Structure formats: structure tokens, C-alpha cells
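The values are calculated or read from the model by the stated rules, or taken from the named source; none is laboratory data. Owing to the predicted nature of the structure, the values given are computational and were not obtained by experimental measurement. Cβ atoms come from the backbone with ideal geometry, glycine included; neighbour counts cover every protein chain shown.
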Amino acid sequence: MATPHRPRKGSMGYSPRKRASREFPKIHAWPEGGDKPTIQGFVGYKAGMTHAMMLDSKKTSMTEGQEISIPITVVETPPMKVVAARFYQRTHYGLKTISEIWTEKIDEEMSRKIPLPKEKKKEKKSKDKSKNIDTSIVEDVRILAHTQPKLVTGVPKKKPEIMEIRIGGGKIAERIEFAKSLLGKDLTIGDFAKVGKPVDVIGVTKGKGFQGHVQRWGVKLLSHKNSKHRRMIGTQGPWHPNWVMSTVPQAGQMGYHQRTEFNKRILKVGEKGEEITPSGGFLNYGIVRNPYVLIHGSIPGPVKRAIKLRDAIRFRDHIADKVELTYISLESKQGA
């Protein structure tokens, strides 16, 4: 009898499947910008999901021009404050910080995150160090902005998170001037997103704790005639090499991993969150009171979790810019 063959169970692309080092995700790569300097990232809080009706504008779709029902995710995006500008130089060991400028006015809530300088030290550090920077060696320009969770009633948190956002597009000198012009100001979601724009959503998924072989990897149940156990693997590998290889499905941590969803489409950018809040509020979140964005499909993480939006690094040109929403469901998610 021939030996049956099948694809292996579970992808090894995300191994090792251990817990994320922190709940606030990290961005390791940025796309190139356009002709003008712009910010390439933003932070929002996942409020929940609903559904909407829209006209299908995809040319290769069988339902082109027809009204279709789609799932959407609501992300609350309160303004972010810019506190610093940072300049990088390319070295043999990667990018290295050569200088940075901090604003004189820093929110008091930042004291929960970092120690703030005293008033006397602020005067000494208020000098503009960017005048002495050689723009020919500057490789990258980024800004430091922090979130304002105190504005979000659905998130029981006051401690802000600091994010480094790349300034992309234009020449280096233009990026430096643009970064300096943002110091101490508020960034809104309108400065980053627009309707129809593809973005990457980066977040930490919902944690599911310690799980067994079948739940974690999707391996087949053993025969009912197997001794003692069914929800386990049939073998831990060959005799040689005489150790258990990392490719063998094992029990362990499931969920709470950092994941990136590529090319998620922004369907709407709104200013008043009350207009998108369903009757009775979102489950386990409440009422959206700040600006928001609607994203096509689902995104990683549970509600209340901070997620990062980034310019699409693997842009696909078949994503249409035209979005026509005909209906957004505001029906209660809890029978209210």
C-alpha cells in the first residue's frame, strides 16, 4: 500500500509561537514616501465590528457595480501629540541616531511614561540642534508622538504610548523642516488617512493561553483505539537526529502574537464617533467619542487594544480609490 502524503499541519512561518514582548506593537520597516513629506503611521484603538452595504467597485469581481454586504472594523483614533523629531544616519550597523529635538511643552500625562525634565533644564535643552546637522549624512527623519488614551472613555488607561513615525516623501531637507513644523502640535487621523487608501494594520492578537497539540496546530485526532490519549501527536520524530525538532507540533502558547494585516482598505474617515456608535454602544467598549476610521474586514487583537496603522508596504494596484457606502449598520450588538 502506498504511503499517503499531505501538507504539514500548521505554518512554521511564525515560529517560535511565543508571547509578544509587549502589548504595543513594533514597526520594523517603512515604505518609501511620495513627492511631499507626510507622516506614514498612526495609532488607534479597536472599538468593535459591524457591517455595511457598499457598491462593489472591483473591476474583476462578478458583482461589480452591485450592492454587497461587507464586514467593517471601527477604530477610534484620538489626536496624537508630537514631542520630538529624530534624525538618523546610515552606518555599517544600520541606522544610528545623530540628533533629536524635543518640544518645550510636554503633556503632564507623559510623566507616567518617562521622567520629565525640570523647568531649569527645559531652558537649556530648548536650543535647536538641527542647525548644525549636515543634511548630506541624514538618511531618515522620524518624529516621536504619543497617544492620548485619557480622551478614550472605552479604554481604562491614562498612561500614553510613545510611537516613532517616519516622515516619508520629498527631499531630506524638506523632511527636516516638516518634522520641525510638527513639534508640539496635534496629529489627527486626517493627516494620515484618506478614503480608499490601503494601509497595513499591526497589532497583538487575542491571547488564548496554553493550548494542546490539536488546538494549537490543527493536527488530526488519533484513532479511538489509541492507548490513553487522542488529542496528542502520534510521534515526536525519528530516532536520528536524536532530539525533538522544532518542526514537531507541540503544546504551548497560543495567541498574543504580533501580526500584520497587509493592504486593509479605509472605507471612511469620520470626525464624530457618535454617528458610528450602535445602539447601546459597542460590546465591552462603549461609545466612540473621537474621530474614527472604518476598515474593511477584521484586524488583529481584541477590543480596547491599541493598533498601529502604516502606509501599505506591499501595495497592490487593483485596490480602487472610489468607495460608495450606502448603509452602515447601527443596530444594537447586545439587544438594547
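A single member of ARG17, ARG86, ARG6 is without any contact (Cβ under 8 Å) to a residue 12 or more places away in the chain and of a type in the set (Lys, Arg), and it is ARG6.
Of the residues making up segment 313-336, those that are at pLDDT 80 or above and closer than 23 Å to ILE202 by Cβ are ILE313, ARG314, PHE315, VAL323. Annotation note: of ARG175, ARG230, ARG216, ARG166, the sole residue that is of a type in the set (D, E, K, R) and free of Cβ contacts under 8 Å to residues at least 24 places away in the same chain is ARG230. Apart from one condition, ARG216 fits all of (1) under 20 Å from ARG8 (Cα atoms); (2) touching a Ser or Thr at 6+ places or on another chain (Cβ under 7 Å); the exception is (2). Among the residues of segment 242-254, is any in contact (Cβ under 8 Å) with a residue 60 or more places away in the chain, not polar (S, T, N, Q) and not in a loop (DSSP other than H, G, I, E, B)? Taking every residue of segment 242-254 in turn, at least one turns out to be in contact (Cβ under 8 Å) with a residue 60 or more places away in the chain, not polar (S, T, N, Q) and not in a loop (DSSP other than H, G, I, E, B). Confirm whether PRO302 is free of Cβ contacts under 8 Å to residues at least 12 places away in the same chain and either exposed (fewer than 13 other Cβ atoms within 10 Å of the Cβ) or in a loop (DSSP other than H, G, I, E, B) (or both). Criteria not met by PRO302. Counting only residues that are buried (at least 18 other Cβ atoms within 10 Å of the Cβ), on the phi < 0 side of the Ramachandran plot and over 20 Å from the mean Cα position of the chain (by Cα), segment 274-286 holds 4 of them. Taking each residue of segment 146-163 that is outside any loop (DSSP other than H, G, I, E, B) and looking for partners that are of a type in the set (Ser, Thr, Tyr) with beta-carbon atoms closer than 9 Å, six or more apart or interchain, yields PRO149/TYR45; ILE162/THR147; MET163/THR147. The single condition among (1) more than 26 Å from GLU177 (Cα to Cα); (2) surrounded by 10 or more Cβ atoms within 10 Å (Cβ to Cβ) that ALA2 does not satisfy is (2). Annotation: of all residues in segment 37-56 being in contact with a Phe, Trp or Tyr (Cβ under 9 Å, 6 or more places away or on another chain) and not in a strand (DSSP E or B), the one that is nearest to PHE178 (Cα to Cα) is PRO37. Taking the options GLY270, GLY281, name whichever one is at pLDDT below 95 and either under 20 Å from MET80 (Cβ atoms) or among the aromatic types (Phe, Trp, Tyr) (or both). Of the residues listed, the single one that is at pLDDT below 95 and either under 20 Å from MET80 (Cβ atoms) or among the aromatic types (Phe, Trp, Tyr) (or both) is GLY270. The set of residues in segment 145-172 being under 20 Å from ARG22 (Cβ atoms), in contact with a helix residue (DSSP H, G or I) (Cβ under 7 Å, 6 or more places away or on another chain) and buried (at least 18 other Cβ atoms within 10 Å of the Cβ) consists of HIS146, VAL155, PRO160. When ARG314, ARG289, ARG259, ARG310 are checked against the criterion of being assigned to a loop (DSSP other than H, G, I, E, B) and within 17 Å of the chain's Cα centre (by Cα), ARG314 stands alone in meeting it. Being surrounded by 15 or more Cβ atoms within 10 Å (Cβ to Cβ), aliphatic (A, V, I, L, M) and free of Cβ contacts under 8 Å to residues at least 60 places away in the same chain is a property that MET54 lacks.
Scanning segment 18-36 finds one or more residues that are more than 19 Å from THR260 (Cα to Cα), part of a loop (DSSP other than H, G, I, E, B), under 22 Å from the mean Cα position of the chain (by Cα) and at pLDDT below 95. It is to be established whether one or more residues within segment 191-207 are surrounded by 14 or more Cβ atoms within 10 Å (Cβ to Cβ), touching a residue at least 40 places away in the same chain (Cβ under 8 Å), in contact with a helix residue (DSSP H, G or I) (Cβ under 9 Å, 6 or more places away or on another chain) and assigned to a loop (DSSP other than H, G, I, E, B). The answer is no; no qualifying residue exists.
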